[in-house]
Amino acid sequence: MQQHLEALKDSKFCPLWHDQDVRPDVLPALNENISCELLIVGGGFTGLWAALQLKERQPEVDVVLIEKTFISDGSSGRNGGFLNSTLAHGESNTEHHFPGEADKLYQLGEQNLAELLATFKRYNIDARYEEVGETEVATNQGSVDALRKDYGEEKAAGDNVTWYNQDEIQAQVNSPTFLAGLCRRNGKNGIVDPARICWGLKRVLLELGVRIFENTPLDECNPLGNDKMQSLSLGFTITSDKVLMATNAYKNPISQVNRATIPVWDYQIATEPLNQKQLAAIGWHKSRHALGNHANMFHYYRFTQDNRITWGGGGAVRYYFNKNTDFASCADIPERFEQLSKEFFETFPQLKGLKFTHRWSGIIATSTRFCMVPGVTYNGRLAWAVGYTGLGVGASRFGARVGIELLGYQPSDILKMRFITKKPMPWAPEPFRWFGVKFTQNALVKADKNNGKRGLWLKMLDAMNLGFTC
């Protein structure tokens, strides 16, 4: 059997983050008609952060949160755990979609991340946070040139960046594929255990009086008269003054939300803990860089506290026809994990014999503007914040803030920003959407094989700022 297949043979289909003794019991499902002031739909980062921020602002508000399965089961417990302060997916994306707001969004992102970390400390949430910044590595000459250019510009702007030539980056992380690297240590960016964040927030919310119902899917949500909302779940009714949709990539009853994002499947694998010989072979454990390679179809990889490596992204990322979010057919596809395993050993051939203990997948909600999409309807009674496009670990807390402010809970001047008011371009209907995404993915793969040189299709998307990975 080939090495990459042998390494996966005994892996467990379960997110590494879920497979922990500290995982809390699942709470009972809704079993009666209830009423509340605010109903939050979705038990991931956005819903949990919204409930907490609202309770901190106005403790008297009666909040109910419902989750279709269990807290952390969605994207919030299935991501790589990379914590980044950006709210609008980088400077170029910000300038294109929200001209004149880059400085403000940068400040808000830094403030949001600082408050997020302060919350962990205040409530004793062990998120396994490590302040390691972010490091991009170049695996072809085109990427070397691009990263060197970025380094010069960022260094001139006063950013805390470090350039590594080939010998230097391989001394940091020993991979024969690494030609150069750029380490960014601005702010508090780093890595976390995403499931522990969800579980910690769940504990705090229960202590603050939030009613949480798991295994409670939303079936319907409609206006009731002129000042109420009526939601149906499991045959029971939830009557509320307001509703916050925190469903991200998953379907909900509001068509505006569904048109704003598409679900892109991402796959990950995690190794067994590395022994001392394996650690010495790559040297990565000394710096514990949070890594990503500079490519269109990029991999992202990191160390855990028990010295495992998680590895995701790359060519295994997929969009399936007609917004398919069905776990039975999309979640555990052997070819996706086999590709990841093969690419892992190409990057770290000296780790031959290492086994993968876990494999899993999750859904990224991708918007056409490559960042969070907020909105409000029904005369301020229903709001949403969705579509973080791969950077939701930090940005979801800010999205939650926007959501509750759109509902009238201590609104601030941020609601006047184009980042909030500008409507995103909706995705095309099928089959045009699938053909467009597939064609784009093929073009991205081709560019990666051609030293990053982008063809006419990608150049056209770049002009529209739609050069996304999918």
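The values are calculated or read from the model by the stated rules, or taken from the named source; none is laboratory data. Treat the numbers as computed from the prediction; the structure is a model and nothing was measured. For neighbour counting, all protein chains shown are included, and Cβ atoms are generated from backbone atoms with ideal geometry for every residue, glycine included.
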Q. Tally time: how many residues in region 342-366 are among the hydrophobic types (A, V, I, L, M, F, W, C), over 18 Å from residue 78 (Cβ atoms) and either part of a helix (DSSP H, G or I) or modelled with pLDDT under 95 (or both)?
A. 3
**Q.** Condition met for residue 231 (polar (S, T, N, Q) and free of Cβ contacts under 8 Å to residues at least 12 places away in the same chain)
**A.** no
Q: Would you list the helices (runs of 4 or more DSSP H) that sit entirely within region 385-461 and hold 2 or more residues that are under 17 Å from residue 298 (Cα atoms)?
A: 432-449
Q: Please work out which one of (1) under 24 Å from residue 404 (Cα atoms); (2) in contact with a strand residue (DSSP E or B) (Cβ under 7 Å, 6 or more places away or on another chain) is the condition residue 136 fails and give its number.
A: (1)
Q) Filter region 83-108 for residues that are part of a helix (DSSP H, G or I) and touching a helix residue (DSSP H, G or I) at 6+ places or on another chain (Cβ under 7 Å); which is surrounded by the most Cβ atoms within 10 Å (Cβ to Cβ)? A) 94
Q. Taking region 367-384, which residues are in a loop (DSSP other than H, G, I, E, B) and either at pLDDT below 95 or crowded, with 24+ Cβ neighbours inside 10 Å (or both)?
A. 368, 369, 370, 371, 372
Q) What do you reckon, is residue 135 outside the structural domain of residue 393 (by TED's automatic domain parsing), crowded, with 16+ Cβ neighbours inside 10 Å, under 19 Å from residue 390 (Cβ atoms) and not charged (D, E, K, R)? A) yes
Q: Go through (1) part of a loop (DSSP other than H, G, I, E, B); (2) over 30 Å from residue 165 (Cα atoms); (3) not aliphatic (A, V, I, L, M) and name the single condition residue 80 misses.
A: (2)
Q.
When the residues of region 265-313 are narrowed to those that are hydrophobic (A, V, I, L, M, F, W, C) and at pLDDT below 95, which ends up nearest to residue 193 (Cα to Cα)?
A. 298
Q) Within region 200-227, which residues are in contact with a strand residue (DSSP E or B) (Cβ under 8 Å, 6 or more places away or on another chain) and basic (Lys, Arg)? A) 202, 211
Q. If you take the residues of region 326-341 that are crowded, with 17+ Cβ neighbours inside 10 Å and in a helix (DSSP H, G or I), which of them is modelled with the lowest pLDDT?
A. 330
Q. In this structure, is residue 269 within 24 Å of residue 397 (Cα to Cα) and within 24 Å of the chain's Cα centre (by Cα)?
A. no
Q | region 404-430 residues that are loosely packed, with under 14 Cβ neighbours inside 10 Å, paired with ones that are acidic (Asp, Glu) and part of a helix (DSSP H, G or I) (beta carbon under 8 Å, 6 or more apart) | A | 412/405
Q) Just checking, how many residues over region 222-254 are of a type outside the set (Lys, Arg) and farther than 28 Å from residue 362 by Cβ? A) 14
Q. Residue 272 versus (1) of a type in the set (D, E, K, R); (2) in contact with a Lys or Arg (Cβ under 8 Å, 6 or more places away or on another chain); (3) within 27 Å of residue 426 (Cβ to Cβ): which is the lone unmet condition?
A. (3)
Q) Which residue pairs have Cβ atoms closer than 8 Å, lie 6 or more positions apart in sequence or on different chains, and pair a first residue in region 145-174 that is assigned by TED's automatic domain parsing to the domain that holds residue 303 and part of a helix (DSSP H, G or I) with a second residue that is among the charged types (D, E, K, R) and surrounded by 15 or more Cβ atoms within 10 Å (Cβ to Cβ)? A) 147/136; 154/184
Q. Out of all the residues in region 52-77, which are assigned to a loop (DSSP other than H, G, I, E, B) and among the basic types (Lys, Arg)?
A. 68
Q: Could you please find all residues in region 434-470 being within 16 Å of residue 389 (Cβ to Cβ) and touching a residue at least 12 places away in the same chain (Cβ under 8 Å)?
A: 437, 440, 441, 444, 461, 465, 466, 467, 468, 469, 470
Q.
Show the residue pairs meeting these rules: Cβ distance below 6 Å; 6+ apart or different chains; first residue within region 328-348 and within 11 Å of residue 5 (Cα to Cα); second residue among the aliphatic types (A, V, I, L, M) and assigned to a helix (DSSP H, G or I).
A. 337/8; 339/316; 340/316; 341/7; 341/8
